[in-house]
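Reviewing the structure listed below.
The values are calculated or read from the model by the stated rules, or taken from the named source; none is laboratory data. This one's a predicted model, so the numbers in the text were calculated from it and none came from an experiment. Positions of Cβ are backbone-derived with ideal geometry, glycine not excepted, and every protein chain shown enters the neighbour counts. For the accessible areas, the whole protein counts, side chains as well, though only heavy atoms, and no ligand, DNA or RNA atoms are used. Shrake-Rupley method; radii C 1.70, N 1.55, O 1.52, S 1.80 Å.
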Amino acid sequence: MTNNLTYTLCGDYCIPNLSLSATKAKSLGKYGRMRKTYLKEHRPILWNTMILSETLYPHLYEIDKTAHRRAEQIMAELLAAHPAPDKATQQMAWVQHMNRLKAQAEEIILDELIYN
């Protein structure tokens, strides 16, 4: 296998001339940023490999999109299993119930997608 790298001589060292291709800038959502932080802090070898192979940001966008779809799906399932109180008459109970379901859904997403 031939290596088509070029090098620059800096003192006594040969440094490879590496550059990343230009990609279209998109903003990451909450789950994409969480996955990025996790990879950077807890999986540095995978982080570096993905950066060098230019697969990091497509991976983060996919995780973010999948996590949002999964959150909607889990919330619908939890609401079907545990119906919320009447919003018009029991507003605080409804808010507490929905926050509890959202926290459960987020825990599942974090376990399945972000910290895996």
Those residues that are touching a Phe, Trp or Tyr at 6+ places or on another chain (Cβ under 9 Å) and assigned to a loop (DSSP other than H, G, I, E, B), I need them from segment 1-24; list them, please. Asn17, Thr23
Among the residues of segment 9-23, are any out of contact with any His (no Cβ under 7 Å at 6 or more places or on another chain) and under 22 Å from Glu112 (Cβ atoms)? no
Failed criterion for Leu28 (all others in (1) surrounded by 15 or more Cβ atoms within 10 Å (Cβ to Cβ); (2) at pLDDT 95 or above; (3) of a type in the set (A, V, I, L, M); (4) over 30 Å from Asn4 (Cβ atoms) hold): (2)
Residues of segment 25-44 that turn out to be in contact with a helix residue (DSSP H, G or I) (Cβ under 7 Å, 6 or more places away or on another chain) and within 17 Å of Glu62 (Cβ to Cβ), as a count: 10
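This table checks each residue for (1) loosely packed, with under 11 Cβ neighbours inside 10 Å; (2) touching a residue at least 24 places away in the same chain (Cβ under 8 Å); (3) not polar (S, T, N, Q).
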residue: Thr8; (1), (2), (3): yes, no, no
residue: Ile15; (1), (2), (3): yes, no, yes
residue: Ala22; (1), (2), (3): yes, no, yes
residue: Tyr61; (1), (2), (3): no, yes, yes
residue: Asp64; (1), (2), (3): no, yes, yes
Given the options Leu39, Leu60, Leu78, name the one that is assigned to a helix (DSSP H, G or I) and in contact with a Gly (Cβ under 6 Å, 6 or more places away or on another chain). Leu60
Please work out if Leu52 is under 16 Å from Asn116 (Cα atoms) and either in contact with a Pro (Cβ under 9 Å, 6 or more places away or on another chain) or aliphatic (A, V, I, L, M) (or both). no
Give segment 66-91 a look and list any residue that's open to solvent by 70 Å² or more (accessible area, probe 1.4 Å) and of a type in the set (Val, Ile, Thr), or say none. Thr89
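Just one of Trp94, Trp47 is of a type in the set (A, V, I, L, M, F, W, C), surrounded by 10 or more Cβ atoms within 10 Å (Cβ to Cβ), touching a helix residue (DSSP H, G or I) at 6+ places or on another chain (Cβ under 9 Å) and free of Cβ contacts under 8 Å to residues at least 60 places away in the same chain; which is it? Give the steps one after another, and end with the answer.
Numbers: Trp94 fails: touching a helix residue (DSSP H, G or I) at 6+ places or on another chain (Cβ under 9 Å).
One residue alone meets the criteria, Trp47.
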Segment 105-116: number of residues that are in a helix (DSSP H, G or I) and open to solvent by 80 Å² or more (accessible area, probe 1.4 Å): 2
